[in-house]
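Have a look at the structure below before the remarks.
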Amino acid sequence: MGAMAWWSTHPGWAVDQTQTLNLSYGWNAVWLEVEPRGTNGNLLTADRVFTPPEGSPFTIDLVAVESSALGTEEFSTDPSRLYNQAGWIVWSRNPPSGEPRSILVRGNAAYLVHVVSSSGTSTDGAPVSGGLGIAGKVDFHRPTWNPGGYTLLGFSVRDNPTFLSLLGAAGFSAAPTPAGSPIQRLNPQTGHWEGIGSDEAVETGRAYWISIPLTGSRARYGGPVAVDFAGAQLGVMDFGASPPTVPVPNPSGSAVPLRLSTQELTTSSLERPGNASHAVTLKDLGAASDQDLRLFRVVRVPDQLAWQTDGNGPIANASLATLAPGASQTFTLGVDRNWTQGEIYRERLYRIEVSLGQGTVGYYLPVLAVNPDLYPANKPVGDAPGFAGLWMGEVRIQSVTSLTETNRPVRPTRSLAALRVLIHVNTNGTPVLLSKVMRMQTKSADPSVPAEEVLVLDESQIPFYEGIVERGGKKVGVRYETATFDMPRNNGTNAQSAAFLQGVANSVQPPVAVGAVTDADVCTYLAAQSTRPPSLTEAYHLSWPLEGTFGPANRIGTSTNSPLRLDAFHRTNPFRHAYHPQHGAGYDLSRSITVQLDGTYQSGSGRLEGAYEEVTRGLATAPLVSRGRISLQRVSLVPTLR
């Protein structure tokens, strides 16, 4: 979970599954889907994982795992001789001498295990009654192949699909390789690998040596339908605490709409033209009584910029599509954070099933979400953010001053103008306006030390942190930016040259000291210039203070003496032309903003709405008033800016 925020590193974040391995006495090649972990979140060793319950009629005395890529000969050797083979690590319950080697057991990996009878009466090849149950977390997994050679791996299948139905879309050929059959299965009775045909059934929990030709190989092939989504490399569909959410009519009939965060899931058929189609199903593996985190399939409302649920409730066993060869389809999934107390995060486990004629192959899909209104129990109480964090939202202007009527009344607009806004709130509830910020995380030298999410405002600090999202195998930050609320110029003595400030001070009547120059003085001075002063520095504030305390029923906004000012040579002054000699300077513009937040707040939504008003000066002889509604969604819980 390296690119996740700190909440994902909690040792109990994952939903456990129990996998039952069907074993026989003798050597077994098993495919372990689950990853066993201790209460501290650390991986468990082979001696703890592969130990049957007390009183069982069998025990496991040897476990072997690959330590490096193997050639074409190692699998054909008697597993009992693995002690002397390179590329393998062997754990023995009763080592010939010295302490046994330790093997950390990981999920989605193949192991060779040797089963013996506790009483010494069973013979190799006889099935073990009941098998061995192993509990652990699961994640979304796509296998990694050794192109052109053999790979030891297994598949999460149901019923009895054949190897040809599973591997045919990867260019699998049943023709023998120089090393023998392209599919090798370990025979517990003889302890040797044996070639089998492509019409044999694939068994879940069993590992095979399989060869896919280099010309037809797919590096992460897991079945005839490929699946992808943001976060697939991390093995979890993480909605985090980072909406925005979209309002969706509640399928239960409630007048209160659902507020869903959405992500896309894309499926693509790898079959060649003329081959079989495959049905894709999404199944909920969680308890029906648990409604804390719910996943919905959402679709666009025809001819509207709105969403609705596809179905009458949360996903239980949804048929997503039947994909023809070469076809792709993308689905939008929305998560509902339906809890108001307890841990800050919830996870629910789903499974993507792909039909294979006589069975299915599947991918586990853990879905993780964070409730932005809660704070983790292991954080100091003094750090609890309340409404602290980064809020991103949209202002919709509904009425403006009419310039064509007497007394200039405020009239409704014919259409809504949408403006993106960014507001950060500290632990005291003090808000500041931002034009851009980046979500990143601290660097860690060890995966066991969780990274801490940060909000980077000063771009010079970016090299000291790392990203939180995997893109193309690299970690990148998440950038939020708005083009409609740029920051005023920084006119301080630490940002502007002494020569420029002295010129401004001399222009004031009567003249003032350089240290007494105000932003208004600078704007007045620049408005009188026809060309940009050479000594003017392009330095701008990173944030702008807002008055008031952020929260329901409160009023916030720019102060009377500190509106947002765009001077005549501001970088985003819309009336300035960089090259036209008659428009080298724009108008001196100022914007005074007031937000009256609504008194109602739905716990768990991370969302606040209110009334918005802006007074703009400098565009006309009288101030222009714009009014509308503002909708804010918390996208980060971090209470400080860096």
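Every number in this text was worked out from the coordinates using simple rules, so none of it is lab data. This is a predicted model, so every value here is computed, not measured. Cβ coordinates were reconstructed from backbone atoms using ideal geometry, including for glycine residues, and neighbour counts include every protein chain displayed.
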For the stretch 495-537, report the translational diffusion coefficient in µm²/s to the nearest whole number, using Stokes-Einstein at 10 °C, 1.306 mPa s, and a Kirkwood Rh over Cα pairs. 154 µm²/s
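What is the magnitude of the charge dipole of the stretch 225-370 about its Cα centre, with +1 placed on the Cβ of each Lys and Arg, -1 on the Cβ of each Asp and Glu, and no other charges, expressed in debye to the nearest 20?
On the way: 10 positive and 13 negative charges, 22 e Å.
In debye, rounded to 20, the stretch 225-370 gives about 100.
Assigning unit charges at the beta carbon (Lys, Arg +1; Asp, Glu -1) and nothing else, what dipole magnitude in debye, to the nearest 20, does the chain show about its Cα centre? Don't skip to the end; give the middle numbers.
On the way: 49 positive and 54 negative charges, 364 e Å.
So the dipole magnitude of the chain works out to roughly 1740 debye.
If you put +1 on each Lys and Arg Cβ and -1 on each Asp and Glu Cβ, how big is the dipole of the stretch 25-67 around its Cα centre, in Debye rounded to 20?
Details: 2 positive and 6 negative charges, 19 e Å.
So the dipole magnitude of the stretch 25-67 works out to roughly 100 debye.
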What pairs in Lys436/Lys474; Lys137/Lys474; Lys137/Lys283; Lys283/Lys474 have C-alpha atoms more than 29 Å from each other? Lys283/Lys474
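What value, in deg cm²/dmol to 500, does the helix sum -39500 (n - 2.57) over DSSP H runs of n ≥ 4 give at 222 nm once divided by the residues of the chain?
On the way: 4 runs with 28 residues, N = 642.
For the chain, the value works out to -1000 deg cm²/dmol.
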So if I take the centroid of the Cα atoms in the stretch 27-71 and the same for the stretch 243-268, what is the distance between those two points in Å? 41 Å
Using +1 at the Cβ of each Lys and Arg and -1 at the Cβ of each Asp and Glu in the chain, identify which of Gly334, Thr430, Leu589 lies farthest towards the dipole's positive end. Leu589
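Using the 10 angstrom Cβ neighbour count as an exposure proxy, how do Met392, Met487 rank, fewest first? Write out the running numbers ahead of the final one.
Numbers: Met392 23, Met487 20.
With the sparsest Cβ surroundings first, the list reads Met487, Met392.
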Among (i) 27.8, 97; (ii) 32.8, 147; (iii) 31.7, 108, only one was calculated for this model; which label is it, if the read-out is Rg and Dmax of the Cα atoms in Å? (iii)
Table column - 3J(HN,Hα) (Hz), the stretch 297-306, Karplus curve with 6.51, -1.76, 1.60, x for Gly and Pro: 8, 10, 9, 5, 6, x, 6, 9, 8, 8
Take the Cα coordinates of the stretch 225-370, assign each an equal point scatterer, and use the Debye formula without solvent to give log10 I(q)/I(0) at q = 0.09, 0.11, 0.16 Å⁻¹. -0.29, -0.43, -0.89
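Quote the relative contact order of the chain in percent (integer), defining contacts as alpha-carbon pairs under 8 Å separated by 6+ residues.
On the way: 1527 pairs, mean separation 76.2, N = 642.
Relative contact order, the chain: 12 percent.
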